[in-house]
Amino acid sequence: MKEKLVVIGNGMAGMRAVEELLEIAPDMYDIVVFGSEPYGNYNRILLSPVLAGEKTIDEIMLNSVEWYAENDITLHSSKTIVDIDRRACKVIADDGSEESYDRLLIATGSNPFIIPVPGHELPGVISFRDIKDVDDMLDASKAHKHAVVIGGGLLGLEAANGLMLQGMHVTVVHLMDTLMERQMDSASGAMLKTSLEERGLNFLMSTSTEAIVGEDHVKGVRFKGGLEIAADLVVMAVGIRPNMALAQKVGLHCERGLVVNDTMQTYDPRVYSVGECVQHRGETYGLVAPLFEQAKVCANHLAKMGIAKYEGSITSTKLKVTGIDLFSAGDFIGDESTEEIVMQDAAAGIYKKVVLKDNKIQGAVMYGDTVDGAWYFQLMRDGTDVSDFRKSLMLGQAHLGDSGHGGENAAATMADTMEVCGCNGINKGEIVQAITVKSLFTLDDVRSHTKASNSCGSCTGLVEQILANTLGGDYSAAPHLKPMCKCTEHTHDEVRKAIRVEHLTDIPSVMNLLNWKNADGCASCRPALNYYLLAAWPAEMKDDAQSRFINERAHANIQKDGTYSVIPRMWGGQTTPNELRAIADVVDKFELPEVKLTGGQRIDILGVKKDQLPAVWADLNAAGMVSGHAYGKALRTVKTCVGKTWCRFGTQDSTTLGMDLEKLTWGSWMPHKFKIAVSGCPRNCAEATIKDLGVVCVDSGYELHVGGNGGIKVRVTDLLCKVDTEAEVHEYTKAYIQLYREEAHYLERTAPWIERVGLSHVKKYVLDDPENRLALAARFEESQKYSQTDPWAERASEGVAQHEFVAMKEIG
Amino acid sequence: MSEWIEVGTIDDIPKLGARVVKTAKGNIGVFRTAEDEIFALLDECPHKKGPLSQGIVHGKRVTCPLHNWNIELDGGEAVAPDEGCAISYAVKVEGGKVMLFTSPTA
Ligand code: SRM
Ligand SMILES: Cc1cc2nc3c(=O)[nH]c(=O)nc-3n(C[C@H](O)[C@H](O)[C@H](O)COP(=O)(O)OP(=O)(O)OC[C@H]3O[C@@H](n4cnc5c(N)ncnc54)[C@H](O)[C@@H]3O)c2cc1C
Ligand code: SF4
Ligand code: FES
């Protein structure tokens with residue numbers, strides 16, 4: 001018989017945990033849900049846009065009543081649980097009905113705090129928490145004129161804005177002298193106040209409420225000092241308190257909230273809790289992003305996988321008042337130990353402040369231009385050292401490196417018809433539509449439903465912005481420690497470490513040891529694992545062909561029609577009449593449809609059928625050519641210019657140096673593709689400064705440039721150093737490549753890798769520490785011993801992997 | 001005419017891999033899972049006809065090599081949120097021999 005899971009509280013956190021559970025262990029429990037409210041689960045965040053008339057209740061439903069039925073979940077709506085018998089393991093509802101459980105999940109959210117001033121119980125005094133409150137406010141706005149909102153925080157301002165849009169005259173009363181003082185500093189708070197006043201809101205700052213006046217309905221509000229103003233509706237939005245009355249009553253340990261450990265378990269091991277009712281490591285949360293992280297961890301333990309840990313969250317805030325952009329996160333006030341960078345353009349209504357400690361972002365607050373909020377937040381959560389780009393930090397992410405297609409448009413100002421994802425032809429409207437209709441919350445959701453950001457990924461930042469803007473609230477960007485893929489909770493770095501420390505040499509051992517959720521992984525983790533094993537144990541590891549993407553398995557690029565392209569290596573971009581003749585002969589002999597020059601200084605033969613590949617390779621091999629690895633996460637091309645042999649400006653023999661570097665590095669598998677170029681002088685005809693490694697020859701030696709990218713987002717290289725001799729160029733090349741091979745995440749080019757770890761990190765290991773440089777170079781040489789065999793020759797004439805190329809059978 | 005035809009042995013197909021049977025009506029991919037279950041699909045992805053036999057096999061699914069759709073080996077259905085269905089064929093293994101039924105499952 002299945003075990004039974006009872007959930008108390010049909011809100012955002014509880015249901016998110018149930019959804020996560022259905023995802024990973026759909027058949028484990030009979031699930032019964034109790035909720036006080038008479039609905040399915042709805043998106044509470046979007047009550048503000050509903051009040052403002054921008055959305056309807058139907059549009060904010062997350063799980064309809066039908067959804068529960070479809071998933072075999074029993075939903076008791078309009079039933080409040082009033083008692084729990086923990087000995088007998090059952091819950092008791094307000095109508096007397098009972099339900100027994102094997103596991104219990106308490107997700108009762110929180111209660112709005114009502115200031116107990118005289119008159120607080122009068123009709124017409126309400127809070128802003130649920131659909132009923134919104135209905136009450138909408139009714140009041142139809143019948144009455146004057147509203148007072150007590151509390152100038154996020155909720156209060158959203159309520160005030162909504163009521164104003166419904167035609168009421170609204171006064172916001174705030175105890176402090178800064179609005180949203182927990183999210184804003186005084187400068188940005190003042191700007192916010194000015195723009196809200198321009199829209200028609202009235203404020204009473206530094207004012208405390210003494211009484212609510214009226215006989216059988218609210219008539220007005222009186223403040224300390226005697227001022228009294230008329231009011232037909234009073235909204236109290238002064239804060240929330242974790243709703244833990246039930247838990248306290250049944251003796252579960254509570255402090256400021258219901259206390260849970262890192263697995264979201266309360267002091268009673270059968271009872272879990274998530275959401276605003278929870279206190280974890282002394283913190284309570286009032287935004288959905290952390291609650292969703294809790295829900296994920298809780299589901300993992302309910303499913304008895306027992307590997308996830310919740311370690312607390314850092315949150316960020318955004319106000320959902322259409323047309324007002326503000327963002328804040330972390331500690332944006334600072335103290336003696338911090339520094340701050342401020343950028344302000346009062347006329348343009350823009351204010352940005354970033355607080356740094358030891359060159360790491362502690363917090364940020366932005367007003368007017370919040371495009372880079374998500375970026376600062378990411379840097380903050382990752383604890384990224386910003387010294388390498390501190391100068392341009394305030395200019396935003398678009399100014400990091402260089403311009404390119406990468407997310408430079410501000411999502412908010414984009415028209416619905418503008419294209420966001422150029423690979424899949426998805427425009428902004430389609431993404432917004434999917435987010436609202438299908439209730440998507442995360443980047444992954446948007447990727448799988450719309451395909452946006454699913455291909456080259458250059459629009460990821462933009463999609464995240466659209467997601468944040470559409471959800472209005474704060475949404476959960478990738479958790480700060482991103483698991484490798486859906487098959488595991490572990491990050492790339494954790495997996496690489498386990499492979500090294502535990503001396504794992506094959507994929508099944510990694511998956512076993514790290515509790516992979518799917519027996520043989522997926523198309524995303526298997527290639528990554530195969531590479532990590534190969535990079536760690538080049539001699540021992542046995543390459544797993546079935547874990548390689550088809551291009552690397554067939555050693556050619558698959559094309560849209562299922563044929564392949566063949567690009568032989570042309571060392572340093574040089575070729576010979578013999579090679580050209582052999583290529584021409586192959587094209588004629590196999591009647592291949594197209595030959596073209598590539599962007600990488602070599603020749604591409606297109607339209608080769610898979611079963612022709614070995615014969616084509618055999619002919620190319622016969623003329624001395626080997627695989628160009630144009631298909632691999634591997635060393636690709638080494639482009640060169642003619643250099644001093646011919647060129648009147650050439651300072652060194654760049655062509656030979658390039659050929660030598662290619663002989664040194666070819667065949668090497670990498671986290672992603674790797675390109676090198678060598679230019680003979682600073683005119684840089686080989687475009688060395690947009691390569692993963694670029695050598696620019698000068699009269700006195702060789703400049704080594706790293707981390708360039710000419711692709712999706714152009715990034716100009718950083719100068720690593722200048723060396724005097726070709727021997728040094730070789731040594732530094734080997735060390736730098738090996739550092740990248742050992743440290744970068746799978747599918748991370750050198751440009752994003754260096755932006756993640758910082759150029760100073762690379763310098764530390766490759767430049768400043770000669771011993772380490774030599775050790776890295778030695779490990780590279782060792783690994784090259786196993787990779788410099790031509791995969792084409794093995795298949796064309798040594799009989800390797802023939803099953804790839806011949807049909808199993810031909811019939812009919 | 002439809003019939004069961006022997007197309008080879010189970011060991012001809014790599015674990016977590018596939019082989020192609022060429023027919024007059026197009027290629028059929030014959031897949032083998034980690035548990036040695038065998039499935040057969042017409043070698044055309046419901047998306048843009050990518051050759052499914054060239055994809056990465058995991059669980060009872062294959063990821064298409066062209067745009068990463070996941071396809072259920074059993075029945076050919078695309079995994080949600082993608083929508084579509086690859087044509088599937090009946091296969092059975094008898095004494096290590098793989099038998100393929102030459103007309104598609106309705
Ligand atoms: C053949 C070639 C185009 C050509 O006809 O010239 C080419 C073809 C492809 N490129 Fe490229 N790239 C080619 C030179 C380039 C260059 C230019 C260069 O190398 O100097 C660049 C920009 C430089 C750079 O990489 O920084 C380039 C940046 C990309 C990118 C973007 C990479 C990035 O980090 O931003 C991708 C997408 C990816 O790798 O994820 C890509 C991906 C591709 C793929 C593999 C797309 C795919 O997954 O199927 C194309 C394979 C077509 C095929 O089957 O042959 N190709 N690609 C060029 C092969 C060069 C060679 O001799 O090996
Ligand atoms: C107007 C508004 C705007 C907001 N805007 C944002 C925003 O922009 N960004 C953001 O991140 N967050 C925002 N929030 C906060 C966010 O909505 C909450 O953090 C989130 O909904 C909390 O989820 P929960 O499951 O813990 O609680 P809830 O969603 O409140 O769910 C708890 C449910 O349990 C029920 N319940 C309680 N006790 C019992 C019982 N004994 N028996 C049965 N049922 C019970 C309650 O009726 C309720 O339905 C906003 C909240 C409001 C009200
Ligand atoms: S070759 Fe490169 S630029 Fe051209 S279509 Fe393919 S991926 Fe795009
Ligand atoms: S053709 Fe298969 S995913 Fe596009």
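The values are calculated or read from the model by the stated rules, or taken from the named source; none is laboratory data. As the structure is a prediction and not an experimental result, all values here were calculated from the model. FYI the Cβ positions are ideal-geometry reconstructions off the backbone, even for glycines, and counts take in every protein chain you see. When the accessible area is computed, the model is the full protein with side chains, heavy atoms only, and any ligands, DNA or RNA have been set aside. Shrake-Rupley method; radii C 1.70, N 1.55, O 1.52, S 1.80 Å.
Given A:A793, A:A778, which one is touching a strand residue (DSSP E or B) at 6+ places or on another chain (Cβ under 9 Å) and at pLDDT 95 or above? So that I can check it myself, show each step before the final result.
Numbers: A:A778 fails: touching a strand residue (DSSP E or B) at 6+ places or on another chain (Cβ under 9 Å).
On inspection, the qualifying residue turns out to be A:A793.
Filter segment A:673-689 for residues that are surrounded by 22 or more Cβ atoms within 10 Å (Cβ to Cβ) and within 11 Å of ligand 1 (Cβ to nearest atom) and give the result.
As a first pass, look at segment A:673-689 and keep what is surrounded by 22 or more Cβ atoms within 10 Å (Cβ to Cβ): A:674-680, A:686, A:688.
Selection gives A:F674, A:K675, A:I676, A:A677, A:A686, A:A688.
Look through segment A:146-167, keep the residues that are at negative phi, in contact (Cβ under 8 Å) with a residue 60 or more places away in the chain and not aliphatic (A, V, I, L, M), and return whichever of them is nearest to ligand 1 (Cβ to nearest atom). Checked segment A:146-167; the qualifying residue nearest to ligand 1 (Cβ to nearest atom) is A:E158. When A:M418, A:M380 are checked against the criterion of being open to solvent by 70 Å² or more (accessible area, probe 1.4 Å) and either at pLDDT below 85 or touching a strand residue (DSSP E or B) at 6+ places or on another chain (Cβ under 6 Å) (or both), A:M418 stands alone in meeting it.
Could you tell me how many of the residues in segment A:32-66 are in a helix (DSSP H, G or I), hydrophobic (A, V, I, L, M, F, W, C) and within 22 Å of A:L287 (Cβ to Cβ)? If you could, list the steps in order and put the result at the bottom.
Step one: filter segment A:32-66 for residues in a helix (DSSP H, G or I), giving A:44-51, A:58-60, A:65-66.
From the residues that got through so far, the ones that are hydrophobic (A, V, I, L, M, F, W, C) too are A:45-47, A:50-51, A:60, A:65.
Restricting the remaining residues to those that are within 22 Å of A:L287 (Cβ to Cβ) gives A:45-47, A:50-51, A:60.
Total meeting the criteria: 6.
Might you let me know whether segment A:35-47 holds any residue that is in contact with a Phe, Trp or Tyr (Cβ under 9 Å, 6 or more places away or on another chain), touching a residue at least 60 places away in the same chain (Cβ under 8 Å) and within 30 Å of A:R222 (Cβ to Cβ)? Within segment A:35-47, one or more residues are in contact with a Phe, Trp or Tyr (Cβ under 9 Å, 6 or more places away or on another chain), touching a residue at least 60 places away in the same chain (Cβ under 8 Å) and within 30 Å of A:R222 (Cβ to Cβ).
Please list, ordered by residue number, the strands (runs of 3 or more DSSP E) wholly in segment B:3-53 having 1 or more residues that are within 18 Å of B:D74 (Cβ to Cβ) and facing chain A (nearest Cβ under 7 Å). Step through it out loud before you land on a result.
On the way: elements: B:4-9, B:17-23, B:26-32, B:38-42.
Filter on segment B:3-53 gives B:17-23, B:26-32.
Of all residue pairs spaced 6 or more apart or on separate chains, those with beta-carbon atoms under 8 Å, a first member in segment B:68-81 that is at the interface with chain A (Cβ under 9 Å from one of its Cβ atoms) and a second member that is hydroxyl-bearing (S, T, Y) and away from ligand 1 (no atom under 16 Å from the Cβ) are B:P81/A:S448. Counting the residues of segment A:638-680 that are outside any helix (DSSP H, G or I) and in contact with a strand residue (DSSP E or B) (Cβ under 6 Å, 6 or more places away or on another chain) gives 18. Every condition in (1) of a type outside the set (A, V, I, L, M, F, W, C); (2) away from ligand 4 (no atom under 16 Å from the Cβ); (3) closer than 16 Å to A:W792 by Cβ; (4) in contact (Cβ under 8 Å) with a residue 24 or more places away in the chain holds for A:G600 except the one numbered (3). Could you check how many residues of segment A:443-485 are open to solvent by 30 Å² or more (accessible area, probe 1.4 Å), modelled with pLDDT of 75 or more and within 14 Å of chain B (Cβ to nearest Cβ)? Qualifying residue count for the region: 6.
Scan segment A:787-803 for residues that are in contact with a Gly (Cβ under 9 Å, 6 or more places away or on another chain) and in contact (Cβ under 8 Å) with a residue 40 or more places away in the chain and the total you get is 5.
Whether a residue is touching a His at 6+ places or on another chain (Cβ under 9 Å) and surrounded by 22 or more Cβ atoms within 10 Å (Cβ to Cβ) was assessed, and A:A160 does not pass this test.
With respect to B:P104, determine if the residue is away from ligand 4 (no atom under 12 Å from the Cβ), out of contact with any Asp or Glu (no Cβ under 8 Å at 6 or more places or on another chain), at pLDDT below 95 and not in a strand (DSSP E or B). Please lay out each step first, then the result.
Working: away from ligand 4 (no atom under 12 Å from the Cβ): yes; out of contact with any Asp or Glu (no Cβ under 8 Å at 6 or more places or on another chain): yes; at pLDDT below 95: yes; not in a strand (DSSP E or B): yes.
It is true that B:P104 is away from ligand 4 (no atom under 12 Å from the Cβ), out of contact with any Asp or Glu (no Cβ under 8 Å at 6 or more places or on another chain), at pLDDT below 95 and not in a strand (DSSP E or B).
For segment A:247-274, which positions are open to solvent by 40 Å² or more (accessible area, probe 1.4 Å), over 19 Å from A:R87 (Cβ atoms) and of a type in the set (D, E, K, R)? Give the steps one after another, and end with the answer.
Restricting attention to segment A:247-274, the residues satisfying the condition of being open to solvent by 40 Å² or more (accessible area, probe 1.4 Å) are A:248-249, A:251, A:253, A:255-256, A:261, A:265, A:267, A:269-270.
Add one more test, that the residue is over 19 Å from A:R87 (Cβ atoms), and what stays is A:255-256, A:261.
Correct list: A:E255, A:R256.
Looking across segment A:640-654 at every residue that is under 20 Å from A:T575 (Cβ atoms) and hydrophobic (A, V, I, L, M, F, W, C), the one that is surrounded by the fewest Cβ atoms within 10 Å (Cβ to Cβ) is identified as A:W646. Among the residues making up segment B:63-98, those that are open to solvent by less than 40 Å² (accessible area, probe 1.4 Å), more than 16 Å from ligand 1 (Cβ to nearest atom) and touching a Cys at 6+ places or on another chain (Cβ under 9 Å) are B:I71, B:G75, B:G76, B:A78, B:G84, B:A86. From the list A:V260, A:V234, A:V238, the one residue that fits, being within 26 Å of A:D177 (Cα to Cα) and at pLDDT 95 or above, is A:V234. Among the residues of segment B:21-31, is any more than 10 Å from the chain's Cα centre (by Cα) and either more than 23 Å from A:D561 (Cα to Cα) or within 16 Å of ligand 1 (Cβ to nearest atom) (or both)? No, the conditions are met nowhere in segment B:21-31.
Restricting segment B:49-62 to residues that are more than 16 Å from ligand 1 (Cβ to nearest atom) and aliphatic (A, V, I, L, M), the residue that is farthest from B:A34 (Cα to Cα) is B:L52.
Looking only at residues that are over 26 Å from the mean Cα position of the chain (by Cα) and within 14 Å of chain B (Cβ to nearest Cβ) in segment A:508-541, which one is nearest to B:V62 (Cα to Cα)? Restricting to residues being over 26 Å from the mean Cα position of the chain (by Cα) and within 14 Å of chain B (Cβ to nearest Cβ), the top hit is A:P508.
Test A:I115 against the criterion of being more than 16 Å from ligand 1 (Cβ to nearest atom), under 42 Å from the mean Cα position of the chain (by Cα) and assigned to a strand (DSSP E or B), and give yes or no. Here the answer is no, as A:I115 does not meet what is asked. One residue stands out among those in segment A:133-152 that are open to solvent by 10 Å² or more (accessible area, probe 1.4 Å) and touching an Asp or Glu at 6+ places or on another chain (Cβ under 8 Å): the one that is farthest from A:L204 (Cα to Cα), which is A:A143. When A:D543, A:D561 are checked against the criterion of being open to solvent by 10 Å² or more (accessible area, probe 1.4 Å) and more than 16 Å from ligand 1 (Cβ to nearest atom), a single residue qualifies: A:D543.
Listed by position, the strands (runs of 3 or more DSSP E) inside segment A:145-234 whose residues that are more than 16 Å from ligand 4 (Cβ to nearest atom) and in contact with a Lys or Arg (Cβ under 7 Å, 6 or more places away or on another chain) number at least 3 are A:209-214.
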